[in-house]
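Chemist: Please see the structure below; I have some questions.
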Amino acid sequence: MEQAVNDSVGGPPLRKIIHVDMDAFYASVEQRDRPELRGVPLAVGGGGPRGVVAAASYEARKFGVRSAMAGAAARRRCPELVFVSPRFEAYRAVSAQIRAIFESCTPHVEPLSLDEAYLDVTDAAPAHGGATAIAKAIRARIREDTGLTASAGVSYNKFLAKLASDHHKPDGLCVITPAKGPAFVASIPVSRFHGVGPVTAAKMKRLGIETGADLLARSLPWLECHFGSSAPYYFDLARAVCHRPVRAHRERKSLGAEDTFGEDYRTEADLLPQLHRIAGIVWERAAPRGVRGRTVTLKIKYADFTLNTRARTLPAPVRDQDELFAVGAALLRAELPPPRGIRLLGLTLSKLGDDAELAEPIAPELPLL
């Protein structure tokens, strides 16, 4: 692979990209720290009527338990499922260890979340025996330093590297060379393609496109007719082409938190304390990193699961937690009394300023469980 990756194929020189994805990260941390949970079906999250699964162990996944599944539905699939509350500080600490391992190999690291990242090792590969050798060394160090396992994909672009990391999970390594890239893509369901969400995948299926091979058979004009401006992207993916660079300093576009309540609320007296708590979570994430934003967005989910959002953009960045709460409270009061009970509130801070560059990844905006 190493020689082939240095060649050009009708375009710029090919890169050497690694995608590393921790295996069932939150659940694995819990099983590592609590030996009695090893080998049992485990869910991190809330198991009550309003709870949500944030992560599931591989033992639980055998029963069809998945992240973002309602806790009650997860229990129906696996009556022996054990729920534990999330410990985000513990997950951030492990993530920092993993990030240090990445950065000891290359400065070109693009974190996607606490548990996965892209690494561009094009420049570092010659001194370390190649990209595959670096991926093997990273996985070994993660196991040694954290006691956890990671899967890795190695290829000549980000699209293929991400597909590869998922191919031999858990605790696997997959290498896709330029010679194998097109055939590999042809065999993969389009629903697994990065950038093809459930709605687009369903549309493609209606049009007879279920695999990369099906997508490859469609012309660019045909794709433009059905998918508009996204057509060139899909056209390239079918040919195992992806020009997206690894961005070591991705701009953070927004930051927020939300919570699903144990019961529906209707009154200002019940809702404002919940909103104040959520504003505190957002500010705890923002303040230490110097993140400031001008737009505050309130998210409301009613008892019938309908969603409503309201936003306000300020002339200057939000100064402190009190101002964040005050803006959110004003948006909420404009919706009171609600037409139905409210089961969820969320606050998001966006239009972040230039000082929002982060030294480390922020925890994903999962529901507060």
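Bear in mind that the values in this text are calculations on the coordinates, not laboratory data. Quick caveat, the model's predicted, so the values are computed rather than measured. Note: ideal-geometry Cβ built from the backbone for every residue, glycine included; neighbour counts use all protein chains shown.
Chemist: Whose amide H sits under 5 Å from the amide H of Ile188, counting only residues 5 or more places off or on another chain, with H placed in the peptide plane?
Modeler: Here Gly212, Ala213 satisfy the definition.
Chemist: Taking H placed 1.01 Å from N in the peptide plane, check which residues at least 5 places from Thr260 or on another chain put their amide H under 5 Å from its amide H.
Modeler: Answer set, sorted by chain and number: Leu368.
Chemist: Still on this model: What distance in nm separates the two pseudo spin-label positions at Glu335 and Ala217, each 7 Å out from Cα along the beta-carbon direction?
Modeler: 4.6 nm
Chemist: While we're here: Taking the chain as the reference, fit the longest principal axis to its C-alpha atoms, fit the long axis of helix 88-103 to the helix C-alpha atoms, and give the angle between the two in degrees, 0 to 90, nearest 10.
Modeler: With both axes taken from Cα atoms, the answer is about 30 degrees.
Chemist: Label-point separation (nm) for Glu144 and Tyr302, each offset 7 Å from Cα along Cα-to-Cβ?
Modeler: 5.8 nm
Chemist: Sort Trp222, Trp283 by Cβ crowding within 10 Å, fewest neighbours at the top.
Modeler: Trp222, Trp283
Chemist: Can you work out the FRET efficiency for the pair Ala100 and Glu284, with r the C-beta to C-beta distance and R0 = 22 Å, to the nearest 0.05?
Modeler: Computed FRET efficiency for Ala100 and Glu284 comes out at 0.40.
Chemist: For the pairs Lys16/Lys62; Lys62/Lys162; Lys299/Lys351, flag any whose C-alpha to C-alpha distance is greater than 25 Å.
Modeler: Violating the 25 Å Cα-Cα cut-off are Lys16/Lys62.
Chemist: What full-extension length gain, to one decimal in nm, is calculated for Lys205 and Ala72 as 0.36 nm per residue of separation minus the Cα-Cα distance?
Modeler: 44.8 nm
Chemist: Something else: Assuming R0 = 45 Å, can you tell me the calculated FRET efficiency for the pair Leu314 and Asp33, based on Cβ-Cβ distance, to the nearest 0.05?
Modeler: Using R0 = 45 Å, I get an efficiency of 0.60.
Chemist: Give the Rg (one decimal place) followed by the Dmax (whole number) of the stretch 25-88, computed from C-alpha coordinates and expressed in Å.
Modeler: Here Rg and the maximum Cα pair distance are 10.1, 28 Å.
Chemist: Find out how many positive minus negative residues lie around Arg277, taking Lys and Arg as positive, Asp and Glu as negative, among other residues whose Cβ is under 14 Å from that of Arg277.
Modeler: Charge balance in the 14 Å sphere: -4.
Chemist: Further question on the same structure: Could you give the angle, 0 to 90 degrees to the nearest 10, between helix 321-333's Cα long axis and the longest principal axis of the Cα atoms of the chain?
Modeler: 70 degrees
Chemist: Report ³J(HN,Hα) in whole Hz for each residue of the stretch 150-160, in order, from the Karplus equation J = 6.51 cos²θ - 1.76 cosθ + 1.60 where θ = phi - 60°; Gly and Pro get x.
Modeler: With coefficients 6.51, -1.76 and 1.60, one gets 9, 9, 9, x, 10, 7, 9, 7, 5, 4, 6 Hz.
Chemist: Further question: Once Rh is set to the Kirkwood radius over Cα pairs, what Stokes-Einstein translational diffusion coefficient, in µm²/s, holds for the chain at a temperature of 10 °C and a viscosity of 1.306 mPa s?
Modeler: Stokes-Einstein gives a translational diffusion coefficient of 70 µm²/s.
Chemist: So if I average 1/r over every pair of distinct C-alpha atoms in the stretch 182-238 and take the inverse, what Kirkwood radius in Å does that give?
Modeler: Computed over Cα pairs of the stretch 182-238, the Kirkwood hydrodynamic radius comes out at 10.9 Å.
Chemist: Calculate for the chain the 222 nm mean residue ellipticity that helices alone would give, adding -39,500 (n - 2.57) per DSSP H run of length 4 or more and normalising by residue count, nearest 500 deg cm²/dmol.
Modeler: -10500 deg cm²/dmol, from helical runs alone.
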